[in-house]
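Written out below as structure tokens is the structure these notes cover.
The values are calculated or read from the model by the stated rules, or taken from the named source; none is laboratory data. Values in this document were obtained by computation on a predicted structure and should not be read as measured data. In this analysis, Cβ positions are derived from the backbone assuming ideal geometry, glycine residues included, and neighbour counts consider all displayed protein chains. Quick note on the areas: whole protein, heavy atoms, side chains included, nothing else; ligands and nucleic acids left out. Shrake-Rupley method; radii C 1.70, N 1.55, O 1.52, S 1.80 Å.
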Amino acid sequence: MSRSLAAASASRAFFATVVPAQSVRKRIQPLKVSSDSARKYIARAHTSRTSASVSGRNAESRSHFFCAASTFPSSSSAAIPSALPASASPIHHTVRSSTHLQPWIPRRHARSVHRPDRLRRHTGRTVMERGPHRRRSIARLLEGAVVGEQVVVTGWVKTSRFSKNVSFVHVFDGSTDKTVQVVLDEALALAYKAELGVGAAVRVQGEWAASPGGEQSVEIKAHEVQIVGASDPSTYPLQKKRTTLEHLRTIAHLRSRTNLHQAVVRARDAISWHIHRYFHEHGFRWIHTPIITGSDAEGAGELFEVRAGDKPEGFFGKRTFLTVSGQLEVECFAQSHTDVYTFGPTFRAENSNTARHAAEFWMIEPEMAFADLDDVIALAEDFVRTVTQRVMADLPGDFELFDKRCPECGAYRPKEACKECGFDGPGVVASLQAALAEPFARVTFHEAVAILQQVDRAWEYPVGPHESLQAEHERYLAEEHFGRPVFITNYPREQKAFYMRVDEGGETVSATDLLVPRIGEMIGGSQREERLDMLLEQMERHQVEQEELWWYLDLRRWGSTPHGGFGLGLERMVLWMTGVQNIRDVLPFPRTPGHAEF
RNA sequence: GGGUCUGUAGCUCAGUGGCAGAGCGGGUGGCUGUUAACCACCGUCAGGCGUGGGUUCGAGUCCCACCUGGCCCGCCA
């Protein structure tokens, strides 16, 4: 045990947390109080039908204790004071308001943030029990805990096995794909067996120890167990065994506790974080474009209307909608800050019923001034490549899980061929590595059409210079012909949006779609039309109202530059990287036609 | 929006016009440094087969309508 921990036990301070049962969100921060006061808090919380817990360290036995009123039998309030150790005497009496509880971390110790024990030794401040330093996550324990050290782990029971002499409980906390194995002796197992079912929230204190088991190298020999939140396995909707993703969608509030969703949530977070990191490393500013927009003229799809009150002109004095894209707005900032991007929620009211569409999704839209289509394509490729590699490097355990799933049907397939669908191609990790092994392909729309016309295959939809590429064509190009991501460029003018720059000759526009295997279109981008006269002509052709977009036209009046960017659907990148088939499984609470539960 | 498949126990599913089933999960006991453990026992731990009509002596099964969910396509990111 470190010296700082020993010093803490000498102070004999106690920490009482009073949590009003009616409103868990308005949690009162831990108060550092004397043992007498702690008793009072516990007793008062108990009689007022709230819950409270007291934790601290017994000065003589040096053992942790932790008790909560909510876990006591409601009939025996007498049990509460006796749960505190007799040796607890008032030494320290500090009560702070919740606004002062943010630990002050000196700059020179910033690197120690992930080692709260060390931080406390340097600063002498009791930051360990507060906020993010109140305990170490399982990820941190696996990184830095020393065998023999006393540790605390909090989390939820994934599985438990009991026998006469020794019992095992696996606890997860979401910080890593790993669980930590808690070993219980006979007495602890006997005391808690009934309550340590799947799903229970627990707090375990014990010794970090080497594990003789084959599947893990370390474990916790429990000294104390606290059932923080009980869970009845006979009614708990999640089971120890597999359930289908379709069923889990009906319990989206609980599915983030399952293996796959735990991993997907971490992957989604890592992708988002690395997207921000990538752009900031390259000098892009994050622009918060509006969610509520007054323009319904962008032509990017059906809109959700925003209303408040019953005034005929509405809250804003005009009709307003949820944004379908921040692109037009972020273009303004490209013309002032050069390299910018948006990253936020986006809404489309289309009646799309596919595995790749949602009514609410997150979109990333970089925009560069003084840039042409080649710049956009170079950015898109470097961006996808960098983010993908970094995310895979960050989450090796999670990608091991993704790789075990069949890319075709999602069944787990430890061996080569999938038992469900017979697929025996590479897993998602190998296919991602293959996709990144070479530079992405690049062809013009007309070259792509020529490729498709030369294939001896009966297409369901016609192929031609004036037909649009359908999903079957896009999949063929990315999966079979090129076998890696491919940029299609210079689409026919009439197929693309009004703001895309018209090419020489006037037949095509400087647009590009990035098609990736299994997903299809992941990115859509273009060089924008910077010439006022041509933009006006385009709006005329596409029947876009000029009056609504007067400000967008203004950008072309003063200091217009060649510029461009792309839009990336975050969820499509998550699907691509994780191998999950359905967008409804990578959004925390997916919104699709007919579904806004939770 | 179009097409298609589907709906039986908490979950995953089987069920040939004739008595509603299995595995998993759950419970109980045992055993084991276990690994989605293992062994034994429990159906009074569970459903009347999505809902509503119809055919039939008899419908989970056949027909019709509606609802639900999945998948494919379109729209796109």
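Which residues does a label at A:Q495 reach in the range A:510-544, if reach means a backbone N under 14 Å from a point 7 Å past the Cα toward the Cβ? Those under the cut-off are A:510-515, A:521, A:524-525.
Using the crude model of +1 on Lys and Arg Cβ and -1 on Asp and Glu Cβ, and no other charge, please compute the dipole size for the range A:135-236 relative to its Cα centre, in debye to 20.
I would put it at about 80 debye.
On average, how much area does the Cα convex hull of the range A:491-545 cover when viewed from any direction, in nm²?
Result: 4.1 nm².
Each other residue within a Cβ distance under 14 Å of A:G594 adds +1 if Lys or Arg and -1 if Asp or Glu, for a net charge of 0. Solvent-accessible surface of the range A:426-517, averaged per residue with a 1.4 angstrom probe and all protein chains in place: 45 square angstrom. Taking a point 7 angstrom from the Cα of A:F370 along the C-beta vector, which residues in the range A:496-524 have backbone N less than 18 Å away? The answer is none. Distance between the pseudo-spin-label points of A:K178 and A:E460 (7 Å out from Cα toward the beta carbon): 4.6 nm. Computed about the Cα centre, the dipole magnitude for the range A:257-585 is approximately 1160 debye when only Lys and Arg (+1) and Asp and Glu (-1) carry charge, each at its Cβ.
Return the ratio Rg/(2.2 N^0.38 Å) for the range A:484-598, where Rg is computed over Cα atoms only.
Computed over Cα atoms of the range A:484-598, the ratio equals 1.32.
Measuring max minus min along each principal axis, the C-alpha atoms of the range A:135-236 give extents of 36, 28, 23 Å (largest first).
Taking 0.36 nm per residue of separation and subtracting the Cα-Cα distance, full extension of the segment from A:T235 to A:A393 would add 53.0 nm.
Rounded to the nearest Hz, the phi-derived 3J(HN,Hα) couplings of the range A:320-336 under the Karplus curve 6.51 cos²θ - 1.76 cosθ + 1.60 (θ = phi - 60°) are 9, 9, 7, 5, 9, 4, x, 4, 4, 5, 6, 4, 4, 7, 5, 7, 10, where x marks glycine and proline. Using C-alpha pairs under 8 Å with a sequence gap of at least 6, the mean separation divided by the residue count of the range A:257-585 gives a relative contact order of 20 percent. In order along the range A:460-477, the Karplus-derived 3J(HN,Hα) couplings, from 6.51 cos²θ - 1.76 cosθ + 1.60 at θ = phi - 60°, round to 5, 10, x, 10, x, x, 10, 9, 7, 6, 9, 4, 5, 6, 5, 5, 4, 4 Hz, and Gly and Pro are given as x.
Could you calculate the contour length gain from A:Q453 to A:H276, that is, 0.36 nm times the residue separation minus the distance between their Cα atoms, to one decimal place in nm? Separation in residues times 0.36 nm, less the Cα-Cα distance, equals 59.7 nm. What is the calculated FRET efficiency for A:I251 to A:H288, with r their C-beta to C-beta distance and R₀ = 41 Å, to the nearest 0.05? E(calc), rounded to 0.05, equals 0.80.
Residues of the range A:135-236: accessible area per residue at 1.4 Å, in Å²?
Averaged over the residues of the range A:135-236, the accessible area is 46 Å².
Here A:F370 sits with roughly 150 square angstrom of accessible surface, probe radius 1.4 Å.
Charged neighbours of A:M500, selected by a Cβ distance under 10 Å, balance to +2 (K, R count +1; D, E count -1). Rounded to the nearest 20, the Cβ-based charge dipole of the range A:479-598 about its Cα centre (Lys and Arg +1, Asp and Glu -1) stands at 400 debye. With Cα atoms defining each centre, the range A:556-579 and the range A:346-368 are spaced 12 Å apart in the structure. Which one of A:F566, A:T578, A:Q527 is farthest out on the positive end of the charge dipole of the range A:493-598, using unit charges on Cβ (Lys, Arg +1; Asp, Glu -1) and the Cα centre as origin? Farthest towards the positive pole: A:T578.
Within the range A:236-274, name every residue whose backbone N is under 15 Å away from a label modeled 7 Å from Cα of A:E143 along the Cβ vector. What the label zone holds, given the 15 Å backbone N cut-off, is A:270. Averaging the Cα positions of each part gives two centres, and for the range A:395-472 and the range A:225-287 these lie 26 Å apart. Taking amide H positions as modeled 1.01 Å from N, with prolines and chain starts lacking one, the residues under 5 Å from A:H223 and 5 or more places away or on another chain are A:Q205, A:G206, A:E207.
Here, the range A:301-340 yields an orientationally averaged convex hull projection of 3.8 nm² when only Cα atoms define the hull.
Here r is the Cβ-Cβ distance between A:E507 and A:F315 and R0 is 41 Å; the resulting FRET efficiency, rounded to 0.05, is 0.40. Net charge around A:L260, counting only other residues with Cβ within less than 9 Å of its Cβ (Lys, Arg = +1; Asp, Glu = -1)? Every neighbour counted, the sum reads +1.
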